[in-house]
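These notes are about the structure you will find just below.
The values are calculated or read from the model by the stated rules, or taken from the named source; none is laboratory data. Keep in mind the model is a prediction, meaning the values are calculated, not measured. Backbone-built Cβ (ideal geometry, glycine too); neighbour counts: all protein chains shown. The area values use the complete protein model at the heavy-atom level, side chains included, leaving out ligands, DNA and RNA. Shrake-Rupley method; radii C 1.70, N 1.55, O 1.52, S 1.80 Å.
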Amino acid sequence: MIQFRKISAADTYSIRQQILRPTQTMEECKYEGDMDESTFHVGALDGEKLICIGSFYQEAQEGLEGRLPFRLRGMATLPDFRSKGIGKELIEYSESILSNEGCDLWWCNARTSAAPYYTKLGLIQSGGIFEIDPIGPHVIMFKKM
């Protein structure tokens, strides 16, 4: 049975590096704000094995109006656990935390390849495609809760 819980920033680094930034060092997988008091990291665990992660940072995005907005960064699922609804459940778990914090909007810079996935989760695209070097093309997506 998959369990969801808050985890430490350090717990996310291995999956961030393996899935999201394989050409970068582990040090480069540490994001600014990881240790901020308002930041939280969530994980899905299959037994003791961490299989899916996401990190939420209290951060506004220009042009998006919301009460206590948060930004999702570094969401990733290990390949053997994809297409099983685990990422969706991780987002639902995170949204309950966000709601309890008083947040009514969250957003992310989504890779264009992941935009259809976020659309299925109820997010809406804001603006056009932009490049994040060295990762590739992205779009801003958001969800009002």
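Summary of the geometry: segment 107-145 and segment 47-76, compared by the centres of their Cα atoms, lie 12 Å apart.
The label point for Ala114 and the one for Leu68, both projected 7 Å from the Cα toward the Cβ, are 2.4 nm apart.
Mean residue ellipticity, 222 nm, helices only, the chain: the sum of -39500 (n - 2.57) across DSSP H runs of n ≥ 4, divided by residue count and rounded to 500, is -6000 deg cm²/dmol. Couplings 3J(HN,Hα) for segment 7-14, derived from phi with the Karplus relation 6.51 cos²θ - 1.76 cosθ + 1.60 (θ = phi - 60°), are 10, 7, 4, 4, 5, 7, 4, 5 Hz, where x marks Gly and Pro. Annotation: amide H-H contacts under 5 Å for Leu105 (H modelled 1.01 Å from N, sequence separation of 5 or more, or interchain): Arg67, Phe70, Met145. Have a look at Leu121, Ala76, Ile15 and report the one farthest towards the positive end of the charge dipole of the chain, computed about the Cα centre with Cβ charges (Lys/Arg +1, Asp/Glu -1). Ranked along the dipole, the leading option is Leu121. Phi angles of segment 54-64 translate, via the Karplus equation with coefficients 6.51, -1.76, 1.60 and θ = phi - 60°, into HN-Hα couplings of x, 10, 10, 10, 5, 7, 7, 10, 3, x, 10 Hz per residue; Gly and Pro are given as x.
Carbon and sulfur: what percent of segment 47-111's accessible surface (1.4 Å probe)? Using a 1.4 Å probe with all protein chains present, segment 47-111 comes out at 40 percent carbon and sulfur. Put a dot 7 Å past the Cα of Tyr31, heading toward its Cβ, do the same for Ile129, and the two dots end up 2.2 nm apart.
Sparsely packed loop sites in segment 47-113 (the GluC sites (Glu not before Pro) outside DSSP H, G, I, E and B with at most 16 other Cβ atoms within 10 Å) comprise Glu48, Glu59, Glu62, Glu65. Solvent-accessible surface of the chain, averaged per residue with a 1.4 angstrom probe and all protein chains in place: 54 square angstrom.
The magnitude of the dipole of segment 67-140, with charges of +1 and -1 set on the Cβ of Lys/Arg and Asp/Glu and taken from the Cα centre, is near 120 debye.
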